[in-house]
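Chemist: So that we are looking at the same thing, I have put the structure below in structure tokens.
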Amino acid sequence: MSDTTKSFLDISTVSTDDLNAMLSGALSAKHARVGQPRGVPDGQRPLEGHLLAMIFEKPSTRTRVSFDVAIRQLGGESIVLSAADLQLGRGESVADTARVLSRMVDAIMLRTHGEEKLHELASEATVPVINGLTDTSHPCQIMADLLTLQEHKGAIAGKSVAWVGDGNNVLTSWIHAAGKLDFELRVATPPELSPDPAALQWAGLNGVELHLTTDPQAAVANADCVITDTWVSMNDADAANRHNLLMPYQVNDALMAQAGKDAVFMHCLPAHREEEVTGSVIDGPQSVVFDEAENRIHSQKAILRWCLGKL
Ligand code: CP
Ligand code: NVA
């Protein structure tokens, strides 16, 4: 990656000013599209002629479709690739893949397992690289979630956000966001599934208002937002053990009743009803999960524009 290439690898690596500019750009872009068919490009086509390659080494519904819609509405096009379609899947190096794609497209999005592959791709590519989820983080999701939180609850700074469940990749990006945008993050996990130590170390060094507990009720008390995620992420093998550990962390009506009166419920999806969240909560009046899903389009338009110097 050259010094001037702007890759979106983690929220922790982007300045607060740039994150705020992306959120504000996303909101304006969303408002400008109200009532238009989804296939109609935005008026100014800011990324006309630009090509985005998307590589998926894991399944995806939202990330895949929202990036494709986003780049089309910006006037560009995408090429969607699974690992099985690429020589990468049968041993070509990440470095050579990065060099080749950098001669052919304007940006690369990667969904992969270990974050080392993402970082190697970004260091060898001469075009921006976007993190479309790794086992370690999911920054694009949290940009959509922040937009959703702001839409429903107003200014993000000073809000209290409660995470209940597995200390996983999505939580790590929430920890990064709390450090950049100055909100309180309370995290309730079983001791065995606590957050990534590297994220906790980052939080310590960056003054994050982070409260760790094993008690879901303590985490959600009067919170503005309650969040959970699947108990078994795509990289997890021990499903039965996780279900046992996480059952006391289910987000249900009794737990939501401990949160603030107008608290919103968030989940990045895909969800498993009656596991990490009851149907009564995720399909109830406090749930904003489909706003989060839609906001993937609007926030990723801002991320693409930022990466390509057009925000
Ligand atoms: N939330 C999210 O990233 O969904 P997908 O796995 O469907 O892309
Ligand atoms: N934590 C989940 C998020 C899916 C979007 C996973 O990694 O599978």
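Chemist: Summing Lys, Arg as +1 and Asp, Glu as -1, what charge do residues with Cβ under 12 Å from the Cβ of His152 carry, His152 excluded?
Modeler: -4
Chemist: Sticking with this one: Cα atoms only: what Rg and Dmax, in Å, come out for segment 1-142?
Modeler: My reading of the Cα-based Rg and Dmax gives 15.1, 46 Å.
Chemist: Something else: Once amide H atoms are built 1.01 Å from N in the peptide plane, which residues 5 or more positions from Trp163, or in another chain, come under 5 Å H to H?
Modeler: Hits under the 5 Å cutoff: Arg186, Val187, Ala188, Ile227.
Chemist: Counting pairs of Cα atoms in segment 29-109, how many percent are more than 17 Å apart? Let's see the in-between values first.
Modeler: Values: 1668 of 3240 pairs.
Tail fraction, whole percent: 51.
Chemist: Right, next: For the chain, with a Gaussian network of springs between Cα atoms less than 10 Å apart, report the residue from Leu118, Leu133, Leu86 with the top mean-square fluctuation.
Modeler: Leu86
Chemist: Considering the dipole of the chain built from charges on the beta carbon (Lys and Arg +1, Asp and Glu -1) around the Cα centre, which of Leu110, Thr278, Ser66 is farthest to its positive end?
Modeler: Toward the positive end, the furthest listed residue is Ser66.
Chemist: Please work out the C-alpha center-to-center distance from segment 175-214 to segment 1-61 and express it in whole Å.
Modeler: Measuring centre to centre over Cα atoms gives 26 Å.
Chemist: Given a cut-off of 27 Å, name the pairs among Lys153/Lys180; Lys6/Lys117; Lys6/Lys159; Lys30/Lys310; Lys261/Lys301 whose C-alpha atoms lie farther apart than that in the structure shown.
Modeler: In this structure, Lys6/Lys159; Lys261/Lys301 lie more than 27 Å apart at Cα.
Chemist: Using the scaling law 2.2 N^0.38 Å as the reference, what is the normalised Cα Rg of segment 61-212?
Modeler: 1.17
Chemist: Can I ask one more? What ranking of Glu276, Glu294 comes out by heavy-atom accessible area, probe 1.4 Å, highest first?
Modeler: Ranked from most to least accessible, the order is Glu294, Glu276.
Chemist: Now for a separate question. If you wrap segment 157-311's Cα atoms in a convex hull and average its projection over all directions, what's the area in nm²?
Modeler: 9.6 nm²
Chemist: Can you work out ³J(HN,Hα) from phi for every residue in segment 283-297, in order, using Karplus 6.51 cos²θ - 1.76 cosθ + 1.60 and θ = phi - 60°, giving whole Hz and x for Gly and Pro?
Modeler: 9, x, x, 8, 7, 10, 5, 7, 5, 4, 4, 4, 5, 4, 4
Chemist: While we're here: Quick check: residue separation of Met104 and Asn235 times 0.36 nm, minus the Cα distance between them. What number comes out in nm?
Modeler: This chain segment gains 44.1 nm when fully extended.
Chemist: I've got another one for you. Taking only protein heavy atoms and a 1.4 Å probe, what accessible area per residue, in Å², does the chain have with all protein chains in place?
Modeler: 41 Å²
Chemist: In debye to the nearest 20, how big a dipole does segment 165-290 give about its Cα centre with +1 on each Lys and Arg Cβ and -1 on each Asp and Glu Cβ? Walk me through the numbers on the way to the answer.
Modeler: Working: 5 positive and 17 negative charges, 30 e Å.
My answer is approximately 140 debye.
Chemist: Using helices alone, I'd like the mean residue ellipticity at 222 nm for the chain: each DSSP H run of four-plus residues gives -39500 (n - 2.57), total over residue count, nearest 500. Provide the component values of the computation, followed by the final result.
Modeler: Details: 12 runs with 125 residues, N = 311.
Result for the chain: -12000 deg cm²/dmol, rounded to the nearest 500.
Chemist: Further question: After finding the eigenvalues of the alpha carbon gyration tensor for segment 29-70, what semi-axes result from the square roots of 5 times each, listed largest first in whole Å? Intermediate results must be reported in sequence, preceding the final value.
Modeler: On the way: eigenvalues 103, 40, 10 Å².
Ellipsoid semi-axes (Å, largest first): 23, 14, 7.
Chemist: Kindly state, to the nearest 0.05, the FRET efficiency for Glu209 paired with Asn252, given R0 = 45 Å and r defined as their beta-carbon distance.
Modeler: E(calc), rounded to 0.05, equals 0.95.
Chemist: With all distinct Cα pairs included, what does the Kirkwood hydrodynamic radius of segment 163-250 come out to in Å, to one decimal, could you say?
Modeler: 13.1 Å
Chemist: Taking amide hydrogens as modeled 1.01 Å from N in the peptide plane, which residues meet the under 5 Å criterion relative to Ser287, leaving out close sequence neighbours?
Modeler: Long-range HN contacts for Ser287: Phe265.
Chemist: Right, something else. How large is ³J(HN,Hα) for each residue in segment 182-199, as worked out from phi by the Karplus curve 6.51 cos²θ - 1.76 cosθ + 1.60 (θ = phi - 60°), to whole Hz, x for Gly and Pro?
Modeler: Computed from phi, the couplings for segment 182-199 are 6, 10, 7, 10, 10, 10, 10, 9, x, x, 6, 10, 6, x, 3, x, 5, 5 Hz.
Chemist: Determine the gain in length on full extension of the stretch Ala198-Arg45; use 0.36 nm per residue of separation and subtract their C-alpha separation, reporting nm with one decimal. All intermediate terms of the calculation are to be shown ahead of the outcome.
Modeler: Values: separation 153, 0.36 × 153 = 55.08 nm, distance 3.93 nm.
Stretched out fully, the Ala198 to Arg45 stretch lengthens by 51.1 nm.
Chemist: Using a Debye calculation, one point per C-alpha and no hydration shell, please list log10 I(q)/I(0) for segment 216-302 at q = 0.14, 0.15, 0.26 Å⁻¹ in order.
Modeler: So the normalised log intensities are -0.51, -0.58, -1.28.
Chemist: Sticking with this structure for a sec: Just going by the charge dipole of the chain, with Lys and Arg at +1 and Asp and Glu at -1 on Cβ, which of Phe290, Ala98, Leu311 is farthest out on the positive end?
Modeler: The listed residue farthest towards the positive side: Leu311.
Chemist: Can you run phi through the Karplus equation (6.51, -1.76, 1.60; θ = phi - 60°) for segment 166-174 and list ³J(HN,Hα) in whole Hz, with x for Gly and Pro?
Modeler: Those phi angles translate into 7, x, 9, 4, 5, 4, 4, 5, 5 Hz.
Chemist: Taking the chain as a Gaussian network, where each spring joins two C-alpha atoms under 10 Å apart, which residue of Trp174, Trp202, Trp231 fluctuates the most?
Modeler: Highest fluctuation of the listed residues: Trp202.
Chemist: For the chain, what % of the accessible area comes from carbon and sulfur atoms, probe 1.4 Å? Please report the intermediate quantities before stating the final value.
Modeler: Details: 6320 of 12840 Å².
After summing per-atom areas, the C and S share lands at 49 percent.
Chemist: Near the amide H of Met54, under 5 Å away, which other amide H atoms are found, from residues 5 or more places off or on another chain, if H is placed in the peptide plane?
Modeler: The list, which skips near neighbours in sequence, is Ile79, Val80, Leu81, Met109.
Chemist: Using Cα springs under 10 Å in a Gaussian network model of the chain, which residue among Gly39, Gly204, Gly167 shows the largest mean-square fluctuation?
Modeler: The residue that fluctuates most here is Gly39.
Chemist: At 0.36 nm per residue, and after removing the present C-alpha to C-alpha distance, how many nm does the segment from Ala84 to Ala155 gain when stretched out fully?
Modeler: Details: separation 71, 0.36 × 71 = 25.56 nm, distance 4.30 nm.
Computed gain between Ala84 and Ala155 is 21.3 nm.
Chemist: Let me understand segment 146-199 better: what is its radius of gyration from the alpha carbons, and its Dmax, in angstrom?
Modeler: 11.5, 35
Chemist: Per residue, how big is the convex hull of the chain when only Cα atoms are used? Give it in Å³.
Modeler: Dividing the Cα hull volume of the chain by its residue count gives 127 Å³.
The values are calculated or read from the model by the stated rules, or taken from the named source; none is laboratory data. Since we're looking at a predicted model, the values are computed, not measured. Counting neighbours? That spans all protein chains shown, and the Cβs are built from the backbone with ideal geometry, glycine included. These accessible areas exclude ligands, DNA and RNA; they are computed on the full protein's heavy atoms, side chains included. Shrake-Rupley method; radii C 1.70, N 1.55, O 1.52, S 1.80 Å.
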